[in-house]
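This report refers to the structure that appears directly beneath it.
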DNA sequence: TTACATGCAAAGGATTTGCCTCTGA
DNA sequence: TCAGAGGCAAATCCTTTGCATGTAA
């Protein structure tokens, strides 16, 4: 689950949190660690479960508050795969797109420089400077 | 608002509804008409407001039920732009992607055969047959 | 006639918030 | 010390559903 290509990790979420001068609490440390160690795209409830396994003093409300904080700080990216709940991932891991297996729901990550370049070109043609994008491919396994 | 390129309209939503052998009620006719005439990407509440302007006997619940019906029949596409509510559009208009103006929120539609082809290629490379995709570009107007 | 559609209000699920207590710096 | 963080439960927002009534075919 979770194939990746060409993405480099630099600073830990914790480092980036501290760099922003945000107050460090046990809860934030734990949640940061959980996100850091997640190879998939957990939703709030999943983050809560994983964080609780490390420290049972963490409430779901705090997970939501922390996730929003990290998102506003640009540390975390919020994703929506159309199932009605938000999913999260480290934005340093975020320079990639997703292919969703329509049968199993498995999410495969990929990076493609060609598609990035093409997107730039399209935006420019429409009179815009590209600031970001979301791309999800939906497919079924070839036999 | 709503620029488009290279998309052709063939049958009305109403025709497609009838072609599926679904029961035709005044509510469904009105909702179909409202979607047909929408050039933007209305959410359920907006559809409800527009439908009510034509016929006040339409409840929000019926809008939700009809929209789900049309979606399952492949007549309508459900979109999510990350604001937590679903938006809808005629799927005959749906072979295109969206560029979202990060400042104004305006949504520009575009079709690009190159990007379609590239997506096919990427999916195949990952061992999948492409069945669909979602692509949103986020950008700011060039000055 | 009768299976299916609708309205209304209540239920549900995800997320946010008020309030009071606790704690990092 | 004390502004900001967290827990808990209530509130909110969007969407779905149960039930009694209405209606297309």
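Per 10 Å bin, what percent of the C-alpha pairs of the protein assembly as shown does each bin hold, from zero upward?
6, 24, 30, 25, 13, 3, 0
Taking chain A, how much of its Cα-Cα pair set, in percent, is spaced more than 27 angstrom apart?
28 percent
Given the -39500 (n - 2.57) contribution per DSSP H run of 4+ residues, what per-residue ellipticity at 222 nm results for chain B, rounded to the nearest 500 deg cm²/dmol?
One gets -12000 deg cm²/dmol as the mean residue ellipticity at 222 nm.
As I understand it, the value is the acute angle between the Cα axis of helix A:26-37 and the longest principal axis of the Cα atoms of chain A; what does it come to in degrees, rounded to 10?
Relative to chain A, helix A:26-37 is tipped by roughly 30 degrees.
Report, in cubic angstrom per residue, the convex hull volume of the C-alpha atoms of region A:47-104. Walk me through the numbers on the way to the answer.
Values: hull volume 6.4 nm³, N = 58.
Taking only Cα atoms, region A:47-104 has a hull volume of 110 Å³ per residue.
Rounded to the nearest 10 degrees, what's the angle between the helix B:44-54 long axis and the longest principal axis of chain B, both from Cα atoms, 0 to 90?
40 degrees
Kindly give the distances from residue A:23 to its copy-mates, label point to label point, with each label point 7 Å from Cα along Cα→Cβ, as nm values to one decimal ordered shortest first.
Label point to label point, same position, other copies: 5.9 nm.
Rg to Rh ratio, region B:12-84, alpha-carbon atoms and Kirkwood radius?
Numbers: Rg = 11.6 Å, Rh = 12.4 Å.
With Rg and the Kirkwood Rh in hand, the quotient comes to 0.94.
Considering Cα pairs under 8 angstrom that are at least six residues apart, work out the relative contact order of region A:1-125 and quote it in whole percent.
29 percent
For peptide A:114-121, what's the mean number of Cβ atoms from other chains within 10 Å of each residue's Cβ?
Per-residue shielding by partner chains comes out at 4.
What share of Cα pairs, in percent, lie more than 21 angstrom apart in region B:60-143?
44 percent
On a 0 to 90 degree scale, rounded to 10, what angle separates helix B:113-125 from the longest Cα axis of chain B?
Rounded to the nearest ten degrees, it is 70.
The numbers here are math on the coordinates, done by the rules we state, and not lab data. Nothing here was measured: the structure is a model prediction, and the numbers come from that model. All Cβ positions, even for glycine, are placed from backbone atoms using ideal geometry, and neighbour counts span all protein chains on display.
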